[in-house]
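Just so it is clear, none of the values below were taken in a lab; they were calculated from the coordinates. A quick note: this is a predicted structure, and the numbers were derived from the prediction, not measured. Here the Cβ is made from the backbone with ideal geometry for all residues, glycine too, and neighbour counts use every protein chain on show.
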Amino acid sequence: MSQIFKYCIFFLLALNLLNGQTPYESDVDSSNVKSPGKALLFSVIPGGGQLYNRHPLKAILFAGVFAYYGYGYTVAQNDYQADVSSESLHRTRNDKVWMMSLIWTLNILDAYVDAQLWDFDKYEIEEKQSATEENMLKPKEAGSIDGAK
């Protein structure tokens, strides 16, 4: 019992550390902020984190693919229990479990990254000056250290 409690505490602390928001970001509109920690919690159910990040098509995709392999696993498990000595049925069942694990992991990673990059497209990158021959040959003007002229 105490071992489970320790794992729960560790999990909650890890989620708290993964939260990318700091309390000093007062210039950000908190109604639009996507918390990576919440995205991780919601993504325990495939597609939940994507719904939290407002990507319903991704949510349907992840949930659908997970359900497809989940159904395939139940069919493969029933077939394997009917003939335990079959190596190919054992392999098929295990492949379904691996695919479900892969989809679930990708679901979690996608939700976390989307929450981290929620405002990425809101900022514009400034254009750098093109390097012309005149700019390259002209030395930079050096000012005084204290900024006075």
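Residue exposure proxy: T105, T92, ordered by other Cβ atoms within 10 angstrom of their Cβ from fewest to most, comes out as T105, T92. Dipole magnitude for region 36-118: about 300 debye, using +1 per Lys or Arg Cβ and -1 per Asp or Glu Cβ, origin at the Cα centre.
By the compact-protein rule of thumb, 2.2 N^0.38 Å, the alpha-carbon radius of gyration of region 36-118 corresponds to a ratio of 1.30. When region 36-118 is described by a simple charge dipole with +1 on each Lys and Arg Cβ and -1 on each Asp and Glu Cβ, the residue from N78, M100, I45 located farthest towards its positive end is I45. When each of the peptides 37-50, 56-69 is scored by the mean number of other C-beta atoms lying within 10 Å of its residues, the order from highest to lowest reads 37-50, 56-69. Given their separation in residues at 0.36 nm each and the Cα-Cα distance between them, W98 and V84 gain 3.1 nm when the chain is fully extended.
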